[in-house]
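Here is the structure we will look at, set down as structure tokens.
The values are calculated or read from the model by the stated rules, or taken from the named source; none is laboratory data. Keep in mind the model is a prediction, meaning the values are calculated, not measured. Please note: Cβ atoms are built from the backbone with ideal geometry, for glycine as well, and neighbour counts cover all protein chains shown. SASA here: full protein model, heavy atoms, side chains in, ligands and nucleic acids out. Shrake-Rupley method; radii C 1.70, N 1.55, O 1.52, S 1.80 Å.
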Amino acid sequence: MKKLSIKGRVTLWYTCWMLILLGAVLAAVFSVSDLLLYFTEKDLLVRAVEDSLGQVSLEDGEVDPGDMDFLQEGVYLSVYAGDGTPLYGRVPEDFNNQLPFSQGQLQEVEAETAEWLVYDGRTELDGWGSVWIRGVTAQERMSGAVQFVFGVVLIVLPFVVVLAAGAGYYITRRAFRPVTQIVEAAERIGSGSDLSLRIGLGDGDDEIHTLARAFDRMFDRLESSFEKEKQFTSDASHELRTPTAIILSQSEYALENASTLEEARKALEVDLQQAKKMSALLRQLLFLARADRGVQKLQPETIDLSEIAGLVAEELQGMAEKRQIRLETEAEPGLTARADETMMMRVFLNLLSNAVKYGKEGGFARLRLWREGGWIAGEVRDDGIGIAEENLPLIWNRFYQADPARTAEGGSGLGLSMVKWIIEAHGGSVGVSSRLGEGSVFTFRIPAGRDEPPQHA
């Protein structure tokens, strides 16, 4: 049974249950038919005897049966005197005619060749006395039609079963054809390098079409994840390759060409700068990897976001002055929340430093914080180079940089991915609007004044 395919098992179960059901129905039909025939023959026997009682009369001192038909519809009729002496009629050859009379009672008599039903009726003739009329009919007549039907069923039933099994297998195979298609598509996708293949069963509302659509959606997510993984690996390799190459070249130059301590110091300073850049990149990669694995935890406490915003702005003041950008903060006082202080400082630092880096000289970078119902909302606005509309959905991707020149300015393309994760880990949301050449506005909000610290793994 276990070696059979599902189609074979379904067909076998279907055929077995059909046989059981058909057998039960036939048994019920035969039983009811036999019972109906029995009562029909019984009624015919009784009616024949009762009708004959009305035909018997006394003519010239003798019993006259009148127009009585002694064999009608398989019922043998005979007339007897009150003492049991036969007068007229017919009885079957093997019938025991010595059977005692019983008024109005149906009797069953077994003989060598048949089983008989006997019914006796009695009437009184004035001047003569009692007269018996006996009706006899073969009980086997009642099952003759049923036996004929049963014989026909035994002949036809095998063909019906074979036809039903074949039809059931055909229907089952058609019903399971989409499953075969799903298996073939999954094997093609699993054995090949083309993750863009799909099952594509088309329209349908049954369970199999729903399953196929679920598989297609899963393949979509797998393809997207695989492509992101490839892009992530490629971008990380690219980002690490440049500082590594600089460190190697500077180290080789210092070893081969540095003749003074000052030349060696300059080479070491370059190496140190690139090593710091690599260290920062690795820290960011580790942070995001821990976030993906669900082990990056927050350390929530009650913090004053207004104060933190001021500290971050003060830290970036020197960077802003170098680019002649006016750094502004507008924060309502006392904006407290249950949040991770280090993480929120990283959010402010990433957004504000981006505003300074990509702002225009003589422009501004502004951080605003305010209370909005049960939320603390914020925005970082600049009037810098902006972001093209088609690039806005992509800026949250890791290593994505809308302007290739940003790499040269020290950006790794991971900052906004970290900002998004941090804000969402605090139960908030983040967004952006921008026009190319006019500037950008990054908005965010997190819950304010939570009694219980958010726990994010």
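General observations
- When you count the other C-beta atoms within 10 angstrom of each residue and take the mean per peptide, 210-220, 381-391 line up highest first as 381-391, 210-220.
- Exposure rank, largest accessible area first [Val430, Val29; 1.4 Å]: Val29, Val430
- Estimated FRET transfer efficiency (Ser279, Leu195; beta-carbon r; R0 56 Å; 0.05): 0.95
- Distance between the modelled labels on Val152 and Ala245, one decimal in nanometres: 9.3 nm (7 Å Cα→Cβ projection).
- Normalised alpha carbon radius of gyration of region 1-141 [divisor 2.2 N^0.38 Å]: 1.68
- Given R0 = 25 Å, the distance between the Cβ atoms of Ala27 and Glu110 translates into a calculated FRET efficiency of 0.50.
- Alpha carbon Rg of region 314-367, scaled by the compact-globule rule 2.2 N^0.38 Å: 1.22
- With a cut-off of 13 Å between beta carbons, the residues surrounding Leu369 carry a summed charge of -2, where Lys and Arg count +1 and Asp and Glu -1.
- In summary, the aspartates and glutamates within cross-link reach of Lys297, defined as a Cα separation below 12 angstrom excluding same-chain residues under 8 places away, comprise Asp340.
- Whole-number D in µm²/s for region 66-126 (Stokes-Einstein; Kirkwood sum over Cα pairs; 10 °C, 1.306 mPa s): 125
- Applying both filters, DSSP loop and at most 11 other Cβ atoms within 10 Å, to the GluC sites (Glu not before Pro) of region 329-366 gives Glu361.
- FRET efficiency for Gln98 and Arg173, using Cβ-Cβ distance with R0 set to 60 Å, rounded to 0.05: 0.30
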